[in-house]
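See structure below.
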Amino acid sequence: MLDQPAEGYVTADGRQIGPVVLELKNITLRFGGVEAIKNISFDIREGEIRAIIGPNGAGKSSMMNVISGFYVPQEGEILYKGYKRRKMPPYQVARTGIARTFQNIALFEGMSVLDNIMTGRINLMKSGFLKQALWWGPASREEDEHRAKVEKVIDFLEIQHIRKTPVARLPYGLKKRVELARALAAEPQILLLDEPMAGMNVEEKEDMSRFILDVNDEFGTTIVLIEHDMGVVMDLSDRVVVMDYGKKIGDGTPDEVRGNQDVIDAYLGVAHE
Amino acid sequence: MLYREAGDFKTSYASDNQTFPIRFDRYAYWVVMAVAFLVLPMVMNDYWANSIVVPFMIYVIAALGLNILIGYTGLLSLGTAAFMAVGAYATFKLTTAFPAMPIYLVFLLSGLVTSAVGVLFGLPSLKIKGFYLAVATLAAQFFLIWLFTRYGWFFNYSSTGQISMPERSMFGVTITGATASSTAVYFTCLIFTVAMAWLARNLTRGQMGRTWMAIRDMDIAAEIIGVNPLIAKLSSFAVSSFFVGVAGALMFGVYLGAVEAGEAFGINKSFLVLFMVIIGGLGSILGSFLGAAFLVVLPVLLKILLVDNLGWPADLARHLEIMIIGALIIVVLIAEPHGMAALWRTIKDKLRLWPFPH
């Protein structure tokens, strides 16, 4: 099924795909008696856009939560950059260079867009408590430097006009974009996007697709994506994992997955004799 | 000079980040400072200083502290007065144990002691939040006051159970004790209030403030983007308690002079500071000033109006005051959850467009 060389390859559109950066091995996740994820293994290569698809309740978001450290699987292991990831709280996972967005927008509603995005840089800002309290040289300089970086993200996602607006006042589509900005501000190596286009109209989807491709292209960020819009998924992604009822039923390039009988059955249903 | 940003171009991120982005506000700030430091001490009499200005400033510091905890971090506390008592008793113990220590340093150290106690009682916040946390802090309120009235060590085994502030001076000026002039008291409170407000502003506009607000607005998302909830919550408790402790130290050291824990730092005082924060505006530095001013001035105004001018009995005026505050809390919570500071913001937004609102 997959026969790309281990050290990486160049895609048809000229993007460099590297070796495997994150590998999930035999992950099983249970909530009480319910098995949300059943013995799933797949890998994510550096620089690729990897999609996870499947019908509702397939366990896609649970998978995302496992990667971002929010859920700890009962079985299986996660290899990140070649090393087994020990059990760690989510904020430490964030520090290893994994950022994410949420299916139901999880912005800080009481803060301005700028403050939300600045919060994304938490792991990169170093000045200590006392320096901040006195707003003393290094602290205010650091604030300005990071502001400059955040302004680049704001430019990139074309949200300059709302940078001082409280997030609570923004429409849905813009909130999604601000959430992407907050994740990008962390300068992640792996970016997890949980349904970035849910509830968007065609135009907003096109914008968002463009941003995802640009992020991947310009910063070389590895992207893991959950999405229901098949057109978008097949267009954007390099490889697709298909889940159904917590099991992996397909894995491969969009074309391979499209031709997979199990996948077709899962989406269209099977005639029972 | 009109109230707006137009024409006042910001060319650096530092100037865009400043506290008062509008030129008029910057001038207003310097005018207020000049009045506070130069004009007020000359024109104010002792009655005004003691009944309004000094308690106002002390409550501002306490309200700033509580606002950091409730307004910025979203952790509810009902133990404010107990933490003020910690500041007061720390001041008493420190200054009687080390009489030579500069009194301002004593106030700051008392704040630090309160910080440590605050972190200790903030530990439950790691597991519980909202209403249940409020109940846990209520335990701090009753336990600490019980401790201070029960154990003689805290009040140096005085027969009355009270602590009273000995006379202390700095640079030849008597600052505490019965002979301290009201000018010295005024300037002590003013210096602390300005410094603490400046600290609060710096902390809340930087990364620390953003992690606090992130915890307040959505703690799970905050944790996933890299906020360590343990550090965020406990640092908020530490800073908040530091402010409250300094307020308690000043309340005892320069304002009341003699204190009995149960009387001066009862649950009523906790609620008073909480009301200041709610009426003034949650999550706003200015709100702490407005709330403290309102609740300090209101009783004095009512007393002048009802008792002195209309000849009502004093207890009736007092009851009326409680009713007014109660009604106001309900109105504020329903109509304007962000308090007087939000009203002020609305006024500013309107002013920017005035006189052509379209």
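The values are calculated or read from the model by the stated rules, or taken from the named source; none is laboratory data. What you see is a predicted model; the values in this text were computed from it and never measured. Methodologically, a virtual Cβ is constructed for each residue, glycine included, from the backbone with ideal geometry; neighbour enumeration extends over all protein chains shown.
Among the residues of the range A:56-94, the ones that are more than 15 Å from the chain's Cα centre (by Cα) and at the interface with chain B (Cβ under 9 Å from one of its Cβ atoms) come to 3 in all.
Has the range B:245-253 got at least one residue that is crowded, with 19+ Cβ neighbours inside 10 Å, within 14 Å of chain A (Cβ to nearest Cβ), among the β-branched types (V, I, T) and under 12 Å from B:A88 (Cα atoms)? Yes, that holds for at least one residue.
Selection of first residues in the range B:198-212 that are more than 23 Å from B:W30 (Cβ to Cβ) and facing chain A (nearest Cβ under 7 Å) and of second residues that are of a type in the set (V, I, T) and assigned to a helix (DSSP H, G or I), restricted to Cβ pairs under 6 Å at least 6 apart or on distinct chains, gives the following pairs, ordered by first then second residue: B:R210/A:T119.
Listed by position, the helices (runs of 4 or more DSSP H) enclosed by the range A:118-201 that each have at least 3 residues that are away from chain B (no Cβ under 12 Å) and either within 19 Å of A:F108 (Cβ to Cβ) or under 14 Å from the mean Cα position of the chain (by Cα) (or both) are A:172-185.
Of all the criteria given as (1) in a loop (DSSP other than H, G, I, E, B); (2) of a type in the set (G, A, S); (3) touching a Ser or Thr at 6+ places or on another chain (Cβ under 8 Å), the one not satisfied by B:A49 is (1). For B:R216, the test of being within 30 Å of A:R100 (Cα to Cα), at the interface with another protein chain (Cβ under 9 Å from one of its Cβ atoms), touching an Asp or Glu at 6+ places or on another chain (Cβ under 6 Å) and surrounded by 22 or more Cβ atoms within 10 Å (Cβ to Cβ) is failed. Every condition in (1) surrounded by fewer than 23 Cβ atoms within 10 Å (Cβ to Cβ); (2) closer than 28 Å to A:D13 by Cβ; (3) touching a Gly at 6+ places or on another chain (Cβ under 8 Å) is met by A:K60 except one, and the failing one is (1). So, of the residues in the range A:34-75 that are touching a Lys or Arg at 6+ places or on another chain (Cβ under 9 Å) and of a type in the set (S, T, Y), which turns out to be farthest from A:L193 (Cα to Cα)? Looking at the filtered set, the residue picked out is A:S41.
Scan the range A:227-250 and give yes if some residue there is acidic (D, E), assigned to a loop (DSSP other than H, G, I, E, B), modelled with pLDDT of 90 or more and under 16 Å from A:I44 (Cα atoms), otherwise no. Yes, because at least one residue in the range A:227-250 is acidic (D, E), assigned to a loop (DSSP other than H, G, I, E, B), modelled with pLDDT of 90 or more and under 16 Å from A:I44 (Cα atoms). Looking only at the range B:93-111, how many residues end up being farther than 16 Å from B:A81 by Cα and in a helix (DSSP H, G or I)? Result for the range B:93-111: 12.
Here is a check on your reading of the model: is A:N104 facing chain B (nearest Cβ under 7 Å) and either touching a Ser or Thr at 6+ places or on another chain (Cβ under 7 Å) or within 21 Å of A:L192 (Cβ to Cβ) (or both)? No.
Quick one: in the range A:97-112, which of the residues that are within 14 Å of the chain's Cα centre (by Cα) and surrounded by fewer than 20 Cβ atoms within 10 Å (Cβ to Cβ) is farthest from B:H338 (Cα to Cα)? So the residue we want is A:G97. If you go through the range B:144-159 and pick out every residue that is free of Cβ contacts under 8 Å to residues at least 60 places away in the same chain, of a type outside the set (G, A, S) and part of a helix (DSSP H, G or I), you end up with 4. Of the listed requirements (1) modelled with pLDDT of 90 or more; (2) surrounded by fewer than 24 Cβ atoms within 10 Å (Cβ to Cβ), B:A85 misses just one: (2). Inclusion of B:V239 among residues that are β-branched (V, I, T) and part of a loop (DSSP other than H, G, I, E, B) is not warranted. Given the condition surrounded by 19 or more Cβ atoms within 10 Å (Cβ to Cβ) and basic (K, R), answer yes or no: does some residue in the range B:267-285 qualify? Yes, some residue in the range B:267-285 is surrounded by 19 or more Cβ atoms within 10 Å (Cβ to Cβ) and basic (K, R). Of the residues B:V307, B:V332, B:V297, the single one that is in a helix (DSSP H, G or I) and touching a residue at least 60 places away in the same chain (Cβ under 8 Å) is B:V297.
Looking across the range B:219-237, the residues that are buried (at least 20 other Cβ atoms within 10 Å of the Cβ), more than 7 Å from chain A (Cβ to nearest Cβ) and of a type in the set (A, V, I, L, M, F, W, C) come down to B:A222, B:A232, B:F237. The residues listed here are B:I220, B:I215; of these, the one that is in a helix (DSSP H, G or I) and touching a Lys or Arg at 6+ places or on another chain (Cβ under 9 Å) is B:I215. Here the range B:181-197 is the region considered, the condition is being among the hydroxyl-bearing types (S, T, Y) and touching a residue at least 12 places away in the same chain (Cβ under 8 Å), and the residue that is nearest to the other protein chains (Cβ to nearest Cβ) is B:T193.
Taken over the range A:1-56, the criterion of being among the small types (G, A, S), without any contact (Cβ under 8 Å) to a residue 40 or more places away in the chain and touching a strand residue (DSSP E or B) at 6+ places or on another chain (Cβ under 7 Å) is satisfied by A:G8, A:G18.
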